[in-house]
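A.B. asks: First, the structure itself, so that you have it in front of you.
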Amino acid sequence: MTASVLGRVVATERRPNTPHEFHFWTALDAPVGVGTIVRVESTRPVNGVLPSVYGVVTEGFGYTDLQTPLHDVLGADGVPGSSASAPTERTEIRLYTAAVLRQVPEEPLQPVPIGTVHLATEADVQAALRMDTYVQGSDARGIPVGAYRSGGTDAAVHLDADFLLGPEAAHLAISGVSGLATKTSAVQWLLASIFTHLPARKGKVAAVCFNVKGPDLCFIDRPATRLDPADRALYDALGVPAEPFAQVRYFAPWHARGTHLATLRTHDALADSVTPLTWGLRETLQYAEVLLSREDIDAKADALIDFIKERVVDQRFEDKLLEGAHEVRAFADLERWFRELLQGMEAANQEQWRTHHIATIRKVRNRLGNISTRCKGLVTDDGTVSDLPFGAFEDRAVYVVDVAQLEEDAQDLVFARIISQLREHLEKRALGVEQVVVFVDELNKYAPSDGADTYVRQMLLDIAERGRYLGLVLFGAQQFRSQVHRRVVGNSGTQLFGRMDADELATPGYQTLAPATKARLATLEKGQLMVRHPHFGQPIFVRFPRPAVLTGREGVEQFPPAEVPTLEMAVTKTLRRLDASITVGQVQDILALAGDDEEAILRARNVTLLKRPDNVLAFFSKQLRKRVAPEVVGGRGPAPLRAPATDDEYG
Amino acid sequence: MRLLHLSDLHLGFRQYQRQTPLGINQREADVAQAFARAVDRILELAPDLIVIGGDVFHTVRPTNTAILHAFRQFGRLVHGLPETPIVIAAGNHDMPRSTESACILRLFEQGFAPRADGASPILVADRAPRRLQFPRLGVSVLAVPDLPPGSVELTPDPEARYNVLVLHGEVQGVLPAAGGDDRAAAQIPVAEVTRAGWDYVALGHYHVTTRVADHVWYAGSLDYTSTNPWGELREERVAGRAGKGMIERDLRTGVQVVHPLAPTRPLLDLPAVDGSGRTAGELDAAIASAVAAVPGGIDGAILRLVLRDVPRHVARELDHAALREVQRRALHFHLDVRRPESVRREATGGAPGRRPTLTDALREALAARALPADVPREALVALGLRYLEDAERDEGDRLVPGGEG
């Protein structure tokens, strides 16, 4: 036995070796445990080649020659402490079961031969995980996911970019209990790794991350306050710079009040870096089904909504029931259109209009009109659009969309529209990058395995199944993998597991794991993951470094959110992003023009921010001017008095 | 397409103490009569469109008498010109400053029977601007009441054949300077009203008929209804205008006529009398002479006579009985006695002496000034002194701008 020999393969009738599993024993002090990768060397050639077998330990057993526990009691005279003074030590064995990762040569596939077992070296790990096919050479495309550490061996574990980002396979699902900072941290680390290691020939890549809770992703452009030497060593070993993301663009809708953005990144020093996310009628109506429940909207209502989308919105629309031509470009226009149409129908005593019944029209008006209220801050009445830069996405940039403070409906709308837009642009190859990683946390909420078939779930299923051809890659995180739709999880080429809940491990999805592996999964430390990847014959345990970015919790401590501003201060702060010389006094003077019309003021601010004019104050002031809609005098038949009820001061 | 532009009616305006036999303030009656005369003239002219640039009433809550009068006169227009729309943009005197008060002008929009086409004969923009399209006339009228400058997008209607802007407010640089930069925020930049696309801009607020640009005009008031009628009179003189009027403009040809309106009573600023070195008796004679020289007599007129450089003790000795007689005959006689400049002690501590007057200083300066050979010095000095005299006479009036209302 040489010094490098760790153990010997054993096979008995009761425990035979198979092509997929073998057993070996080791010395009692052998540095081996569940997850250790080993190499078996046989001295018997097959077809003239000495086979090598790589395996990963999945189970361990230890026992002695005791027939029953009672024999040990008798040997120690019933005193547990006296066993140390026993004249001889009992024979003891460490027996391990390993799952085969790879056999070399691959053919013929035979049971694992009897041979010596060695700890895997770095090269062995590469070979065992088939990384040698994609980590070196001219077609190198390995993405480090972490470091394998066992028995003194440190080896980088790489994922195959073709199987992580497509086109061979794609998507990543990460599961783990909440509160251990594993899921978000792992995704941040993996994104940094992708940005560093994805070869240029694979095209440009960007990431869109939805921040669905608290400040999780709000400070990923800021360096971490503390990074242990061990973490730095891991960064060095894996060839990823320990730096925060260089290019991060933040997007957040306005708060329902409209004065400030609905995000926790509102500290004065950082607020400039958040771009408002607002959509108008056209953008919203396209995804109306996300917000309208099936119970509410039947075929008749659907037909009317389609009619509005195709024939009314964004074009000149005339009808004999309407007083004049309408150009519906915003929710406010649509409301005017509905109001005038219904008034016209009532005046003409009509119950049907272009096959639509008046009750259907009222219902659709009510449901559509609700949208801008339910999604206040995101959906604007006036049609102001401030969006992600579809078509001008930048390479290695992260686009964080903060929806944490939005209502559930509005969050659904954000997912649906952004992901659909990404897909549409990628289909046309017009996004600005060839691949986009979309990170969605709480996937069990958006693509649940049971419950109603929602638009968002349909869309996530579609991405999971077709996204890899487009370059649209889903990184989904969830606490309970078993509660995510099977087709979403099943289409994830790569799966990461942090510490798992024991109940979750008892579900059928984890049946293939050995009890020891499950036990380890249930006790994984922070910074450890179990990785499943198409190239890896078995799940592998790796360590990954803490992300080199400020965590959400540290971020809000270092950059506490600003207090809710007054209207004047809110407008001043926003306009100062365009012209630092603007004073509160100047803004107050201009606001006097609008009087109490807070909505008009916020609308003017939004347009100014969007247009970024040279003369900010002049442009802002101009937006506050009342635009006077024309009234045709004498266009109708005789009427008793001009709308006496509407301007009666007594109501 | 003929448009008639009038403005600043100030119905209900009251001034002085004199009353009519029915107990109504005489000036209020005068102003009402001026409007009635204007309506007579409008009925003769029969324009296609009438626009009123605001300040129909002098106060936000006019008297019943004023409301009834306005109703009758507008009724005459509505019935006399059944095809002619009347557009009113409320002025600062019409607009309530609190939300609990409504603008009385809306009564006229809702108080007359609609025309055959369903439209009100009178259309009022009070709380908000209105863009009124008259397809039959091919004209679109943007009527803007007295709102903070810059609060309304003043753009023409691209679909209209003719575009008319009716606006109540102060256009920058048009009114005589009374104040300074602090008024800038309340003024409308000239460029806002002279931009291309408007066929006519009918302004209200300034009481003197004034051209801002070829197609941009203040029609002026129908009577002297500002707080300082003498200033208003002076500004008319400076502008080369004689009295009040209305503007008629043909939008098709651009031809424009200012129709003068006869004054309800004379408003006369008599030539000033220099009282320096004169006795009270001499001044009494000068006053009598000035009053006697008024063509047509002073009965019912509104008069002012400025006496310059009259010390207080001399003023006390004037013949007040004679003055009371003048006041009785005239509707109002304002004897404006101005004392000479005070004697002061020099700050250097020298002997007290009379401070040189501006006239002295000008005379000395012109006497010492180097002149070209062909300019006679005496003529220059005389011209300079005459200019100074004119300026001093106007100075008192300028302290309060005349035509703003």
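A.B. asks: Tell me which residues, restricted to the range A:323-361, are out of contact with any Gly (no Cβ under 6 Å at 6 or more places or on another chain), assigned to a loop (DSSP other than H, G, I, E, B) and among the aliphatic types (A, V, I, L, M).
C.D. replies: A:ALA325, A:ALA348
A.B. asks: Kindly state which strands (runs of 3 or more DSSP E) lie completely within the range A:493-587 and contain at least 1 residues that are surrounded by 19 or more Cβ atoms within 10 Å (Cβ to Cβ) and aromatic (Phe, Trp, Tyr).
C.D. replies: Hits in the range A:493-587: A:494-497, A:540-543.
A.B. asks: Among the numbered conditions (1) more than 26 Å from B:GLU389 (Cα to Cα); (2) modelled with pLDDT of 90 or more; (3) not in a helix (DSSP H, G or I), tell me where B:ALA322 comes up short.
C.D. replies: Single failed check for B:ALA322: (3).
A.B. asks: Also, quick follow-up: Residues in the range A:434-471 that are of a type in the set (A, V, I, L, M, F, W, C) and over 16 Å from A:VAL400 (Cα atoms): how many? Don't jump to the end; show me each part of the working.
C.D. replies: Filtering the range A:434-471 for residues of a type in the set (A, V, I, L, M, F, W, C) gives A:436-440, A:443, A:447, A:452, A:456, A:459-461, A:463-464, A:470.
Narrowing further to those that are over 16 Å from A:VAL400 (Cα atoms): A:443, A:447, A:452, A:456, A:459-461, A:463-464, A:470.
Selection size over the range A:434-471: 10.
A.B. asks: Is it true that some residue in the range B:186-206 is in contact with a strand residue (DSSP E or B) (Cβ under 9 Å, 6 or more places away or on another chain), over 24 Å from B:VAL87 (Cβ atoms), assigned to a loop (DSSP other than H, G, I, E, B) and at pLDDT below 90?
C.D. replies: no
A.B. asks: Then there is this: Can you spot a residue in the range A:56-72 that is free of Cβ contacts under 8 Å to residues at least 60 places away in the same chain, out of contact with any Phe, Trp or Tyr (no Cβ under 7 Å at 6 or more places or on another chain), under 24 Å from A:TYR510 (Cα atoms) and surrounded by fewer than 19 Cβ atoms within 10 Å (Cβ to Cβ)?
C.D. replies: Yes, because at least one residue in the range A:56-72 is free of Cβ contacts under 8 Å to residues at least 60 places away in the same chain, out of contact with any Phe, Trp or Tyr (no Cβ under 7 Å at 6 or more places or on another chain), under 24 Å from A:TYR510 (Cα atoms) and surrounded by fewer than 19 Cβ atoms within 10 Å (Cβ to Cβ).
A.B. asks: If B:LEU142 satisfies every condition in (1) at the interface with chain A (Cβ under 8 Å from one of its Cβ atoms); (2) surrounded by fewer than 22 Cβ atoms within 10 Å (Cβ to Cβ) but one, which is the exception?
C.D. replies: (2)
A.B. asks: Determine, yes or no, whether B:LEU261 is under 14 Å from the mean Cα position of the chain (by Cα) and within 28 Å of B:ALA330 (Cβ to Cβ).
C.D. replies: The answer is yes for B:LEU261.
A.B. asks: Quick one: how many residues across the range A:605-629 are among the hydrophobic types (A, V, I, L, M, F, W, C), within 12 Å of chain B (Cβ to nearest Cβ) and surrounded by 15 or more Cβ atoms within 10 Å (Cβ to Cβ)?
C.D. replies: 4
A.B. asks: Does A:ALA416 fit the bill of being small (Gly, Ala, Ser), in the same structural domain as A:SER185 (by TED's automatic domain parsing) and closer than 15 Å to A:GLY467 by Cα?
C.D. replies: Numbers: small (Gly, Ala, Ser): yes; in the same structural domain as A:SER185 (by TED's automatic domain parsing): yes; closer than 15 Å to A:GLY467 by Cα: yes.
Judged against the criteria, A:ALA416 is a match.
A.B. asks: Still on this structure, I have one more. Suppose the filter is at pLDDT 95 or above and in the same structural domain as B:MET246 (by TED's automatic domain parsing); does B:VAL51 pass it?
C.D. replies: Against the criterion (at pLDDT 95 or above and in the same structural domain as B:MET246 (by TED's automatic domain parsing)), B:VAL51 qualifies.
A.B. asks: Looking for whichever is within 42 Å of the chain's Cα centre (by Cα) and either polar (S, T, N, Q) or under 18 Å from A:THR12 (Cβ atoms) (or both) here; the options are A:TYR134, A:TYR96. Which one fits?
C.D. replies: Only one candidate passes the filter, namely A:TYR96.
Conditions tested, residue by residue: (1) free of Cβ contacts under 8 Å to residues at least 60 places away in the same chain; (2) in a loop (DSSP other than H, G, I, E, B); (3) surrounded by fewer than 17 Cβ atoms within 10 Å (Cβ to Cβ).
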{"site": "B:ARG14", "(1), (2), (3)": "yes, yes, no"}
{"site": "B:GLU28", "(1), (2), (3)": "yes, no, no"}
{"site": "B:ALA36", "(1), (2), (3)": "yes, no, yes"}
{"site": "B:ARG76", "(1), (2), (3)": "yes, no, yes"}
{"site": "B:THR99", "(1), (2), (3)": "yes, yes, yes"}
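A.B. asks: A:ARG365: in contact (Cβ under 8 Å) with a residue 24 or more places away in the chain and part of a helix (DSSP H, G or I), yes or no?
C.D. replies: So A:ARG365 fits the description; yes.
Residue-by-condition table, conditions (1) crowded, with 19+ Cβ neighbours inside 10 Å; (2) at pLDDT 90 or above; (3) of a type in the set (Ser, Thr, Tyr); (4) within 17 Å of A:GLY490 (Cα to Cα):
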{"site": "A:GLU408", "(1), (2), (3), (4)": "no, no, no, no"}
{"site": "A:LEU413", "(1), (2), (3), (4)": "yes, no, no, no"}
{"site": "A:LYS428", "(1), (2), (3), (4)": "no, yes, no, no"}
{"site": "A:GLN435", "(1), (2), (3), (4)": "yes, yes, no, no"}
{"site": "A:THR454", "(1), (2), (3), (4)": "no, no, yes, no"}
{"site": "A:GLU465", "(1), (2), (3), (4)": "no, no, no, yes"}
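A.B. asks: So, one more: Filtering the range B:105-132 down to residues that are crowded, with 22+ Cβ neighbours inside 10 Å and more than 7 Å from every other protein chain (Cβ to nearest Cβ), which residue is nearest to B:PHE57 (Cα to Cα)?
C.D. replies: Once the filter is applied, the top-ranked residue is B:LEU105.
A.B. asks: Continuing with this model, one more query. A:ARG487 - would you say it is in a helix (DSSP H, G or I) and in contact with a Leu (Cβ under 9 Å, 6 or more places away or on another chain)?
C.D. replies: It is true that A:ARG487 is in a helix (DSSP H, G or I) and in contact with a Leu (Cβ under 9 Å, 6 or more places away or on another chain).
A.B. asks: B:ARG72 is checked against (1) farther than 19 Å from B:VAL141 by Cα; (2) buried (at least 17 other Cβ atoms within 10 Å of the Cβ); (3) of a type in the set (D, E, K, R) and fails just one. What number does that condition carry?
C.D. replies: Exception for B:ARG72: condition (2).
A.B. asks: Okay, moving on. Just give me the residues in the range A:464-498 being in contact (Cβ under 8 Å) with a residue 60 or more places away in the chain and within 20 Å of A:VAL290 (Cβ to Cβ), in sequence order.
C.D. replies: Matches in the range A:464-498: A:ALA464, A:GLY467, A:LEU474, A:GLY476, A:VAL484, A:VAL488.
A.B. asks: Kindly indicate which of A:VAL433, A:VAL414, A:VAL438 is of a type in the set (A, V, I, L, M, F, W, C) and part of a strand (DSSP E or B).
C.D. replies: A:VAL438
A.B. asks: Would you confirm, using the coordinates I've provided, whether B:VAL171 is away from chain A (no Cβ under 14 Å), of a type outside the set (Phe, Trp, Tyr), touching a residue at least 40 places away in the same chain (Cβ under 8 Å) and crowded, with 20+ Cβ neighbours inside 10 Å?
C.D. replies: For B:VAL171, the condition - away from chain A (no Cβ under 14 Å), of a type outside the set (Phe, Trp, Tyr), touching a residue at least 40 places away in the same chain (Cβ under 8 Å) and crowded, with 20+ Cβ neighbours inside 10 Å - is met.
A.B. asks: Does B:THR253 count as touching a residue at least 60 places away in the same chain (Cβ under 8 Å) and either farther than 30 Å from B:SER7 by Cα or β-branched (Val, Ile, Thr) (or both)?
C.D. replies: no
A.B. asks: Given the structure, is B:THR225 in a loop (DSSP other than H, G, I, E, B), surrounded by fewer than 24 Cβ atoms within 10 Å (Cβ to Cβ) and in the same structural domain as B:ASP146 (by TED's automatic domain parsing)?
C.D. replies: No, not satisfied.
A.B. asks: If the Cβ limit is 8 Å and pairs must be 6+ apart or interchain, which residue in the range A:576-602 that is within 12 Å of chain B (Cβ to nearest Cβ) and over 17 Å from A:PRO613 (Cα atoms) pairs with which residue that is hydroxyl-bearing (Ser, Thr, Tyr) and not in a loop (DSSP other than H, G, I, E, B)?
C.D. replies: A:LEU593/A:SER621
A.B. asks: Can you name the residue in the range B:145-168 that is within 28 Å of B:ALA102 (Cβ to Cβ) and in a strand (DSSP E or B) and, of all such residues, is nearest to the other protein chains (Cβ to nearest Cβ)?
C.D. replies: Checked the range B:145-168; the qualifying residue nearest to the other protein chains (Cβ to nearest Cβ) is B:VAL152.
A.B. asks: Take A:GLU340 and tell me if it is crowded, with 16+ Cβ neighbours inside 10 Å and either within 14 Å of A:SER372 (Cβ to Cβ) or not assigned by TED's automatic domain parsing to the domain that holds A:VAL364 (or both).
C.D. replies: The answer is no for A:GLU340.
The values are calculated or read from the model by the stated rules, or taken from the named source; none is laboratory data. What you see is a predicted model; the values in this text were computed from it and never measured. In this analysis, Cβ positions are derived from the backbone assuming ideal geometry, glycine residues included, and neighbour counts consider all displayed protein chains.
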